[in-house]
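Comments concern the structure below.
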Amino acid sequence: MRKKTVDALIEMGVPANLSGFHYICDAIEFYAQDESYILSGTTALYKKIAEMHDTTWTRVERCIRTAFEKATTYGNLDSLNKYMTAAQKPTNGNLLACLYLKVKDWG
């Protein structure tokens, strides 16, 4: 699952040198292990990722948001449309869930 996620993020144009890139990969792996994270909100997920990286959950949230913003500003729009929602102001949780569902079904 991680390789598919890395490939998708790189294709979308998320810079691999951002902490958010790696946090997104971790989030997708947690979704793969337990899909209830999709429904339970992102705070519990952020806290779990923060524990893994010895940081705060607010930093995890901000880094993920920044990674998605970089992709939408400088990334490949065709790939973004392939993996992400077309919502006007999508939340991190919505973007993560959409990415997970697309990567999970990705051949």
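Summary of values
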| item | result |
| --- | --- |
| Sorted largest first, extent of the chain alpha carbons per principal axis (Å) | 34, 27, 25 |
| Using a Förster distance of 41 Å, the FRET efficiency for Lys3-Leu77 (Cβ separation, nearest 0.05) | 0.95 |
| Estimated [θ] at 222 nm from DSSP helical runs (n ≥ 4, -39500 (n - 2.57)) normalised by residues in the chain, nearest 500 | -23500 deg cm²/dmol |
| Segment Lys48-Glu11, extension gain: residue separation times 0.36 nm, minus the distance between their alpha carbons | 10.7 nm |
| Nearest 10 degrees, 0 to 90: helix 19-33 Cα axis against the chain principal axis | 80 degrees |
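Bear in mind these aren't lab numbers, they're just calculated from the coordinates by the rules spelled out. Just so it is clear, the structure is predicted and the values come from calculations on it, not from any experiment. Counting neighbours? That spans all protein chains shown, and the Cβs are built from the backbone with ideal geometry, glycine included.
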